[in-house]
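Okay, structure first, notes after.
The values are calculated or read from the model by the stated rules, or taken from the named source; none is laboratory data. Bear in mind the structure is a predicted one, so any value in this text is a computation, not a measurement. Virtual Cβ from ideal backbone geometry, glycine too; neighbours counted across all protein chains shown. Protein only, heavy atoms only, side chains kept; ligands, DNA and RNA dropped before computing areas. Shrake-Rupley method; radii C 1.70, N 1.55, O 1.52, S 1.80 Å.
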Amino acid sequence: MEALKSIFKFYINSSIHVALAICALVQITFLKFGTADRYIFLLFSFLGSIAAYNFVKYSKVSKLHHRQLTRSMKGIRVLTILCGIFFIYVAFKVPYDTLVYMTPFVVLTVLYAVPVFPNKRNLRSVAGIKIFIIGLVWAGATVLVPVVYVKGVFNFDFLIEIIQRFLFVVVLMLPFEIRDLQYDDATLETIPQKIGVTKTKVFGSTLLVVFLLLTATKEMLSSIEILSTILIAIISLMFLWGTDRQQSKYYCSFWVEGIPIMWLFITLILQRLFN
């Protein structure tokens, strides 16, 4: 049992779970735009996510609360280095234009963690923009870049999809901001710090309503997409309102971060039922 607990902790703390969540969103994009499975790009996303997230979480400039991870840090460092090396290798198999479109999001990730601004500040320390930077990076990496990779068209449905993905990720970040109220410096001016926990949940609920309504504006819309969007919005709403300052250890890091994986499974199940 202890061995299983250790494996699970490593799975969460090494960012494997969040990397799978990002891959799930990439695969949802592929399914929505009618493209076949692109395993090279999924591997590219998986390796890059682990390397990037561990860089942000465990860099010396990060002020997040991960001091308890010192025993497993060596394993996480090894995994991160290996993922970084294999990410570079896989990048040579990815088209040049895809890498060009990915570059701004890599730069944002670096600026999020590295103090390159005056007074040793990074993007994470800039008041009020933390979750919006994350939403932008996730939307770009899971919608824009995959569409570029498959030579897709930047049409109206693509625009709606990238806006929806941004809203969806911002909503998923709100439980983390509520959880981190006891850790975040007041100068960060996070949404819960500025408007309180209850109003943050109302704000997130409003974003989910917009997320749902935008689906109806798409030119190419299937019953599978309608149902999957409704179901994942309901699930996200439940987890948002179930969030509190005092929560179980893995409420956010496993369940909330796992919502994109749930979305993919819902989509695949609905495809089986309707097809």
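Of all the residues in segment 21-40, those that are more than 16 Å from the chain's Cα centre (by Cα) and either of a type in the set (Val, Ile, Thr) or outside any helix (DSSP H, G or I) (or both) number 7.
Here's the yes/no breakdown for (1) open to solvent by less than 50 Å² (accessible area, probe 1.4 Å); (2) in a helix (DSSP H, G or I); (3) closer than 23 Å to PHE30 by Cβ:
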{"site": "GLU177", "(1), (2), (3)": "yes, yes, no"}
{"site": "LYS194", "(1), (2), (3)": "no, yes, no"}
{"site": "GLY204", "(1), (2), (3)": "yes, yes, no"}
{"site": "LEU208", "(1), (2), (3)": "yes, yes, no"}
{"site": "LEU221", "(1), (2), (3)": "no, no, yes"}
{"site": "LEU240", "(1), (2), (3)": "yes, yes, no"}
{"site": "SER248", "(1), (2), (3)": "no, no, no"}
{"site": "ILE266", "(1), (2), (3)": "yes, yes, yes"}
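Determine the pairs where a residue that is in contact (Cβ under 8 Å) with a residue 12 or more places away in the chain, located within segment 98-115, has a partner that is open to solvent by 70 Å² or more (accessible area, probe 1.4 Å) and not polar (S, T, N, Q) with Cβ atoms under 6 Å apart, the partner being 6 or more residues away or on another chain. What qualifies is PRO115/ARG121. Checked against the criterion of being at pLDDT 95 or above, of a type in the set (A, V, I, L, M, F, W, C), more than 18 Å from the chain's Cα centre (by Cα) and open to solvent by 30 Å² or more (accessible area, probe 1.4 Å), the candidates LEU82, LEU4, LEU43 yield just one match: LEU82.
For the structure I just gave you, tell me whether VAL153 is assigned to a helix (DSSP H, G or I), touching a helix residue (DSSP H, G or I) at 6+ places or on another chain (Cβ under 9 Å) and either among the aliphatic types (A, V, I, L, M) or more than 22 Å from VAL256 (Cβ to Cβ) (or both). It is false that VAL153 is assigned to a helix (DSSP H, G or I), touching a helix residue (DSSP H, G or I) at 6+ places or on another chain (Cβ under 9 Å) and either among the aliphatic types (A, V, I, L, M) or more than 22 Å from VAL256 (Cβ to Cβ) (or both).
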